[in-house]
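This report refers to the structure that appears directly beneath it.
Read-outs throughout are calculated quantities, based only on the coordinates presented, and are distinct from any laboratory measurement. Computed from a prediction, not measured in an experiment: that's the story for all the values here. Heads up, the Cβs are rebuilt from the backbone with ideal geometry, glycines too, and the neighbour counts pull from every protein chain shown.
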Amino acid sequence: MFLERRLAQMSSRLRVTQEKLRIAEEQCSAMEEETNEHELRSLVSETADASYEYRQAKAHSDALRRHCEELRVSIREMEIRQDELLDKLSKSRRRG
């Protein structure tokens, strides 16, 4: 049935996106630690190089954080769509 196939595809996409989020969150955590280290070095050394490294690390950390949020939004949208498909499937089975 069409709805069952769509639901299976949605479930698969949802699992893949959840795994991507898990990996990205791990990377984000590691990147934030690195950014904090660069910030501390920048404050202690007060050199242009240390300041540049901190800004670079901060930019990467911010980008990764945005990516995580985009994945979270996608997951929420997929969960809503999945619920809608489940509702349609349930209604079609009650009628049939």
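Kindly state, to the nearest 0.05, the FRET efficiency for residue 20 paired with residue 81, given R0 = 22 Å and r defined as their beta-carbon distance.
0.80
To the nearest 10 degrees, how steep is helix 2-45 against the longest Cα principal axis of the chain, on a 0 to 90 scale?
Tilt relative to the chain: about 10 degrees.
Computed from the coordinates I sent, Rg and Dmax of the Cα atoms in Å equals one of [x] 16.7, 55; [y] 21.2, 73; [z] 13.6, 43. Tell me the label.
This structure yields the entry labelled [y].
For the Cα atoms of the chain, what angle does the longest principal axis make with the long axis of helix 48-95, in degrees from 0 to 90, nearest 10?
Approximately 10 degrees, to the nearest 10.
With charges only on Cβ, +1 for K and R and -1 for D and E, what is the dipole size of the chain about its Cα centre, in debye, rounded to 20?
The calculation lands at about 1320 debye.
Mind checking which aspartates and glutamates have their Cα closer than 20 Å to the Cα of residue 58? Skip sequence neighbours fewer than 8 apart in that chain.
Output for residue 58: 25, 26, 32, 33, 34, 37, 39, 46, 49, 69, 70.
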